[in-house]
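Here's the structure, in structure tokens; my notes come after.
The values are calculated or read from the model by the stated rules, or taken from the named source; none is laboratory data. Note that the structure is a prediction, hence the values are computed from the model and not measured. Cβ: placed from backbone, ideal geometry, glycine included. Neighbour counts: every protein chain shown.
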């Protein structure tokens, strides 16, 4: 099967864990109650891509916050998110088995996320899955966020794989666009966005609700027998 691969790159939020509603609530609280923006929850969702500092700049302008102020707000937002989400923290259904099977088959795996390491560490260490990943690329490691391909290209480089060999797992249109810009195929998790929202992208090889979908077994070098 031509979509089989020995290199996977995973986005984190909404792709490995179904936590985007918790991020939305934390951002809404920071933006409206703390910073005075008049925004609905739906409006906040539209701005939630890229680095936290970029979210703030999109809403308030480039010059509203110093780097130090933006960093402080970023950490505070993540603290609130982590406090609320911790009791619900778990991998999307089927991902634990998929990661283990991929690891056993020597598939090289990376995380390519717009999250800061503070949040990536929160997930990897509390679920104990860090050992599966040879590369972790966070917001702290890139100059340009998705849809720029830098995150995924850096992940492929650390894995020692050509971009065309990599399959990206994503849940957001901007992430799929970043994979396209990197020359990578993409599997879409429909955790936060509907299939129709990705109609402009031609690098998508499949849509899944979770990792129990039989389609993901077809991506491994050796098919998972269920």
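In the range 191-205, how many are touching a helix residue (DSSP H, G or I) at 6+ places or on another chain (Cβ under 9 Å) and without any contact (Cβ under 8 Å) to a residue 60 or more places away in the chain? Of the residues in that region, 8 qualify. Out of all the residues in the range 21-41, is one or more modelled with pLDDT of 95 or more, crowded, with 16+ Cβ neighbours inside 10 Å and touching a strand residue (DSSP E or B) at 6+ places or on another chain (Cβ under 7 Å)? No, that holds for no residue. Here's a check for you: in the range 118-129, which residue that is free of Cβ contacts under 8 Å to residues at least 24 places away in the same chain and not in a loop (DSSP other than H, G, I, E, B) is surrounded by the most Cβ atoms within 10 Å (Cβ to Cβ)? Out of the qualifying residues, it is 124. Answer with yes or no whether residue 115 is touching a strand residue (DSSP E or B) at 6+ places or on another chain (Cβ under 7 Å), modelled with pLDDT under 95, closer than 29 Å to residue 42 by Cα and surrounded by 21 or more Cβ atoms within 10 Å (Cβ to Cβ). It is true that residue 115 is touching a strand residue (DSSP E or B) at 6+ places or on another chain (Cβ under 7 Å), modelled with pLDDT under 95, closer than 29 Å to residue 42 by Cα and surrounded by 21 or more Cβ atoms within 10 Å (Cβ to Cβ).
Applying the set (1) surrounded by fewer than 20 Cβ atoms within 10 Å (Cβ to Cβ); (2) within 15 Å of the chain's Cα centre (by Cα) to residue 197 leaves exactly one unmet item: (2).
Scan the range 1-30 for residues that are assigned to a helix (DSSP H, G or I) and closer than 23 Å to residue 212 by Cβ and the total you get is 3.
Evaluating residue 215 against the criteria (1) more than 16 Å from residue 9 (Cβ to Cβ); (2) out of contact with any strand residue (DSSP E or B) (no Cβ under 8 Å at 6 or more places or on another chain) leaves one unmet condition, (2).
On the basis of being out of contact with any strand residue (DSSP E or B) (no Cβ under 8 Å at 6 or more places or on another chain) and under 24 Å from residue 21 (Cα atoms), does residue 209 make the cut? In short, no. Using the structure shown, decide if residue 140 is farther than 30 Å from residue 194 by Cβ and at pLDDT below 95. Criteria met by residue 140. Residue selection: residue 85 fails the criterion of being modelled with pLDDT under 95, under 15 Å from residue 23 (Cα atoms) and out of contact with any strand residue (DSSP E or B) (no Cβ under 8 Å at 6 or more places or on another chain).
For (1) free of Cβ contacts under 8 Å to residues at least 60 places away in the same chain; (2) crowded, with 17+ Cβ neighbours inside 10 Å; (3) under 11 Å from the mean Cα position of the chain (by Cα); (4) not in a helix (DSSP H, G or I), each residue gets a yes or a no:
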site: 131; (1), (2), (3), (4): yes, no, no, no
site: 136; (1), (2), (3), (4): yes, yes, no, yes
site: 144; (1), (2), (3), (4): yes, no, no, yes
site: 153; (1), (2), (3), (4): yes, yes, no, no
site: 156; (1), (2), (3), (4): no, yes, no, no
site: 161; (1), (2), (3), (4): no, yes, no, yes
site: 168; (1), (2), (3), (4): no, yes, yes, yes
site: 180; (1), (2), (3), (4): yes, yes, no, no
site: 187; (1), (2), (3), (4): yes, yes, no, yes
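If you go through the range 192-214 one residue at a time, do you hit one that is closer than 26 Å to residue 105 by Cβ, modelled with pLDDT under 95 and outside any helix (DSSP H, G or I)? No.
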